[in-house]
Amino acid sequence: MGIFLRRRAKLPAALKPALEPEERVLTWAGVGEDKAMVATNFGLWLPGSGQAAAKRLGWHQIHKAAWSGRELRITPAEVAEERDDYLVLVDGPVAGFLLLEPGELPDQVRTRVTKSVAYTSHHQLNVGGVRVVGRRVPGRNGLTWSVRYDAGTPVNLPAVIELTDELVLAAQRATEPPD
């Protein structure tokens, strides 16, 4: 008796988000009866709520993704401050999506978010700490740099900002391609 491979149904045109010219669908999962979560080479399209349109988070904009076996919970990164060569990020509101037929979506999300991280290091400060992260962005050369401070870190103290600037610069130099 042969094994039959079941092909996943194609994403219905009515559920397909407005993709960019070089963007392609990798996988998708239905969310409710008339919405879908769509993974592309550029990011993850989250279904809109009510009359709101679907919105794409680039893989580099997803801080955390957790799969419970039924629910995919996405924690986006939000910009708290823009500094000269990097962004200060904080967790955005967590969005949960019940996926009754998840297919490959949770695996693709985990893989793509993980692959977007090219560099990460955590540094203890006198009070608190900071994580320096360099991430790949589809369609862009080089890395995009950001930091995430630990809870309780005095992020606006001049000494903390100066040390963070030095840590980001050191990370950027460590990841530059050799001449």
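Between the helical axis of 158-175 and the longest alpha-carbon principal axis of the chain there is an angle of about 60 degrees. What nm value, rounded to one decimal, do you get for the distance between residue 163 and residue 91 when each label is placed 7 Å out toward the C-beta? Each label point lies 7 Å from its Cα, and together they span 2.3 nm. Ranked by the mean number of other Cβ atoms within 10 Å of their residues, highest first, the peptides 67-77, 167-177, 103-113 come out as 103-113, 67-77, 167-177. Annotation for segment 62-137 versus segment 9-42: alpha-carbon center distance of 21 Å. Amide H contacts for residue 80 (H built 1.01 Å from N in the peptide plane; partners 5 or more residues away or on another chain; cut-off under 5 Å): 88, 89, 90. With the helix formula -39500 (n - 2.57) applied to DSSP H stretches of n ≥ 4, the chain reaches a computed 222 nm mean residue ellipticity of -5500 deg cm²/dmol. Shown in residue order for segment 119-135 are the 3J(HN,Hα) couplings computed by the Karplus curve 6.51 cos²θ - 1.76 cosθ + 1.60 at θ = phi - 60°: 8, 8, 8, 10, 10, 6, 10, 4, 10, x, x, 9, 9, 9, 9, x, 10 Hz (x for Gly and Pro). The angle between the Cα long axis of helix 105-116 and the main principal axis of the chain comes to about 30°, on a 0 to 90 degree scale. Charge dipole (Cα centre; +1 on Lys/Arg Cβ, -1 on Asp/Glu Cβ; no other charges) of the chain amounts to roughly 980 debye. Computed from the C-beta positions of residue 66 and residue 137, the FRET efficiency with R₀ = 22 Å rounds to 0.45. Stretching the chain fully between residue 33 and residue 111 yields a gain of 25.4 nm (0.36 nm per residue, less the alpha carbon separation).
Values quoted throughout were computed directly from the atomic coordinates according to the rules given, and no laboratory measurement underlies them. In this text the structure is predicted, and so the values were computed from the model without any measurement. With ideal geometry, Cβ positions are generated from the backbone for all residues, glycine too; neighbour counts draw on all protein chains shown.
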